[in-house]
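Worksheet: one structure, shown below.
The values are calculated or read from the model by the stated rules, or taken from the named source; none is laboratory data. Bear in mind the structure is a predicted one, so any value in this text is a computation, not a measurement. Positions of Cβ are backbone-derived with ideal geometry, glycine not excepted, and every protein chain shown enters the neighbour counts.
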Amino acid sequence: MEDLLKKAVDILKKDGVVAVPTETVYGLVARASSERAVEKIFTIKRRERIKVLPCFVKDIETAKKLFRDLPSYAEKLMSKYWPGPLTLVAFASDVAPKTCVSEEGKIGIRIPKTEFLLELLKIVNEPLASTSANISGEPPLKTGRGVSETLGSEVDFIVDGESGNIPSTVIDVSSENPYILRKGLINYLDIEETTGRIAKFSKGQKFTLIFLCTGNTCRSPMAEAIFSRMMKDYENLQILSRGTIQVNERQINPKAQLVLKEIGIENYSHVPKAITEFEMGLADLIIAMAREHIDWLPEKYRFKAKLIDPEGGDLEDPIGAPVSTYRFVRDKILHYLENYWKDYFEKRLEK
């Protein structure tokens, strides 16, 4: 690794650009103090210089010197997630590199987790402007070979290796609440638990909500239909419903359709589906109808699941019961959504 570090340092000192693997995606780095080097990154990516680049720094103390007016919850995020896949955005101090400061006076900073980058940062002893190694608008690259084939000789040096494929979570911490500018490896629930604050989503960030029951023929599709109407003004809220098992049905239960029609939801069409592992990962939040549905989820996804009843009770399964039971279940769903979940999402999303 010493030879690779020496070569990378030499290139950076000459205002060059280096491609490096990270725990998120392959990145391009250059000295933030060099206007020429930062401009070269924009040229390589075919990207207009509308937004500034974030910085990699070597440690928390350096980051604090580049920020100003940090709220106390921001330091909690630093302590828990750095080094790691979290980029924090806040107002820049007077000593922050001007190439990475936006028109609003803000700077984005991250401490990467990979050993090579941490060592490189210690040696160069200054912030490195950073961004994903790809053509702007195209998927992030994951290997040194991919970077070489796509960006070619425009990059001065490529450190071979493999990266992850999910970008860092980007959070603006310049106000009272953490503000999610880009979703990534860290879920909003983790952010809220760490900070003790409600995490707000920027309008451009889609929030994926999945209602979960057993067969996806009664409870969860009723919840999806009702909440979709209730939250219709929130364009960045994607609402789905799924089951824990795949049933041989092409439509939801007729009694569920009937009780939805009674409250003005006409001709609701839905093909029952079992949730996939991809969807479990995609979901920001899973609202389960009963405890058994949360317990059914693989352990790594259970943290993002909550019961529809905020008091922790199970919502009974009406399958095989008379229409009156479907009405009772529908009204319970309406009650939970209207009196708890509507407010929950209005506090986190923008119209």
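In table form, for the structure just shown:
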quantity: Of the criteria (1) over 25 Å from A321 (Cβ atoms); (2) assigned to a helix (DSSP H, G or I), which one D233 fails; calculated: (2)
quantity: Residue in the stretch 232-244 that is of a type in the set (F, W, Y), farther than 25 Å from D317 by Cα and outside the structural domain of L66 (by TED's automatic domain parsing) present; calculated: yes
quantity: So K122, is it modelled with pLDDT of 90 or more and either hydroxyl-bearing (S, T, Y) or over 30 Å from R348 (Cβ atoms) (or both); calculated: yes
quantity: The stretch 303-337: number of residues that are exposed (fewer than 15 other Cβ atoms within 10 Å of the Cβ) and either within 30 Å of L181 (Cβ to Cβ) or not assigned by TED's automatic domain parsing to the domain that holds T217 (or both); calculated: 2
quantity: Selection within the stretch 41-61 - touching a residue at least 60 places away in the same chain (Cβ under 8 Å) and crowded, with 17+ Cβ neighbours inside 10 Å; calculated: I41, I44, K45, L53, P54, C55, F56, V57, K58
quantity: Residue among V29, V25 that is in a strand (DSSP E or B) and touching a Ser or Thr at 6+ places or on another chain (Cβ under 8 Å); calculated: V29
quantity: Any hit, the stretch 221-229, residues being modelled with pLDDT of 95 or more and surrounded by fewer than 20 Cβ atoms within 10 Å (Cβ to Cβ); calculated: yes
quantity: Where a residue in the stretch 340-351 is assigned to a helix (DSSP H, G or I) and its partner, wherever it lies, is hydrophobic (A, V, I, L, M, F, W, C), with Cβ under 6 Å and at least six apart; calculated: K342/M230
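Rundown of residues vs (1) assigned by TED's automatic domain parsing to the domain that holds T87; (2) part of a loop (DSSP other than H, G, I, E, B); (3) free of Cβ contacts under 8 Å to residues at least 40 places away in the same chain, yes/no style:
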site: E138; (1), (2), (3): yes, yes, yes
site: I171; (1), (2), (3): yes, no, no
site: S174; (1), (2), (3): yes, yes, no
site: L185; (1), (2), (3): yes, yes, no
site: T194; (1), (2), (3): yes, no, no
site: L212; (1), (2), (3): no, no, no
site: E224; (1), (2), (3): no, no, no
